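These notes concern the structure reproduced below.
Laboratory data are not the source of any read-out in this text; all were calculated from the coordinates shown. These figures come from a predicted structure and were not determined experimentally. Counting neighbours? That spans all protein chains shown, and the Cβs are built from the backbone with ideal geometry, glycine included.
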Amino acid sequence: MFDAATQMEQAVLQARIYQGAFHILWFAVGAIAIAVLLNWRNSHFGYWANLVMIGWTEVGLLLFFILPGYFAWLPTGFIGPLLWMLAVLFSTLGYCLRSKTA
């Protein structure tokens, strides 16, 4: 995103792209920090915090890029949301099963 923004001539649009890249960077850093500090210790809060944080970014991708048609759904646009849905399904299933056996 930073490379794309440097090639834009309109300063306001360039700044907006930089802001989006900055937000994505800190969402990723936050998710990694939560995973390392909380999820490895089986924290309930860490599980839900990561689920919401990563889910929020995927919802934004769907609402602002895929549904308006800026990214094509096929052949590759569906991969991120599909992997996210599978991760939510299986991590929640595993989390619930672990909670019942512990």
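Structure notes:
- Per-pair calculated FRET efficiency, R0 = 22 Å: ILE24 and PHE90 via Cβ, rounded to 0.05: 0.35
- By the count of other C-beta atoms within 10 Å, a proxy for reagent exposure, HIS23, HIS44 are ordered fewest to most as HIS44, HIS23.
- Residue-averaged 222 nm ellipticity for the chain, from DSSP H runs of 4+ at -39500 (n - 2.57), nearest 500: -24500 deg cm²/dmol
- Put in line by how crowded their Cβ is, counting other Cβ atoms within 10 Å and starting with the fewest, TRP40, TRP84 read TRP40, TRP84.
- Per-pair calculated FRET efficiency, R0 = 25 Å: GLN10 and THR57 via Cβ, rounded to 0.05: 0.50
- Extending 7 Å from Cα along the Cβ direction at HIS44 and again at PHE65 yields two label points whose distance is 3.4 nm.
- Average Cα contact separation per residue, the chain, under 8 Å, 6 or more apart, as relative contact order %: 16
- For the chain, diffusion coefficient by Stokes-Einstein and Kirkwood Rh (Cα), 10 °C, 1.306 mPa s, µm²/s: 102
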